[in-house]
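Below is one structure; the comments refer to it alone.
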């Protein structure tokens, strides 16, 4: 049996610039870390943070979270631990008021791309060069 630990985080100088008060609903986390434990051992996890908009905010702009640092312990993959971590992160981001969750992936990571597509992430950009990353996003609303 596995357990999920969800650690909402407030922005600090170590995590980057804090969004302005207009960008964050009162009490909503701007970052979150999720760790999945199995028999008290961390086996998978991930995090998201608020994506800072470049330029002035426009009316109707949706809050976007960037998925980062998704991982699983080698030998523990393909056991739904990553799926549990992603589900918890998606739920937390939606609860925090984010409209979309975005992630950048190395196109050579076909396992990661397949998992994200299974979780209903859609392709946003394709790589311009073989070393470029592919961007995917999921609408949370």
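The values are calculated or read from the model by the stated rules, or taken from the named source; none is laboratory data. Keep in mind the model is a prediction, meaning the values are calculated, not measured. In this analysis, Cβ positions are derived from the backbone assuming ideal geometry, glycine residues included, and neighbour counts consider all displayed protein chains.
Numerical summary
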quantity	calculated
Pair list, Cβ under 8 Å, 6 or more apart: the range 81-107 residue in contact (Cβ under 8 Å) with a residue 40 or more places away in the chain and on the phi > 0 side of the Ramachandran plot, other residue surrounded by 15 or more Cβ atoms within 10 Å (Cβ to Cβ) and not in a strand (DSSP E or B)	97/24; 97/28; 97/63
Condition broken by residue 120, with the remaining ones in (1) modelled with pLDDT of 90 or more; (2) surrounded by 14 or more Cβ atoms within 10 Å (Cβ to Cβ); (3) assigned to a loop (DSSP other than H, G, I, E, B) satisfied	(2)
Search result, residues across the range 118-132 that are touching a strand residue (DSSP E or B) at 6+ places or on another chain (Cβ under 8 Å) and farther than 22 Å from residue 74 by Cβ	120, 121, 122, 123, 124, 125, 126, 127
Criterion: surrounded by 15 or more Cβ atoms within 10 Å (Cβ to Cβ), modelled with pLDDT of 90 or more and more than 12 Å from the chain's Cα centre (by Cα) - qualifying residue of 136, 113, 101, 86	113
Residue check for residue 48: at pLDDT 75 or above and in contact with a helix residue (DSSP H, G or I) (Cβ under 6 Å, 6 or more places away or on another chain)	yes
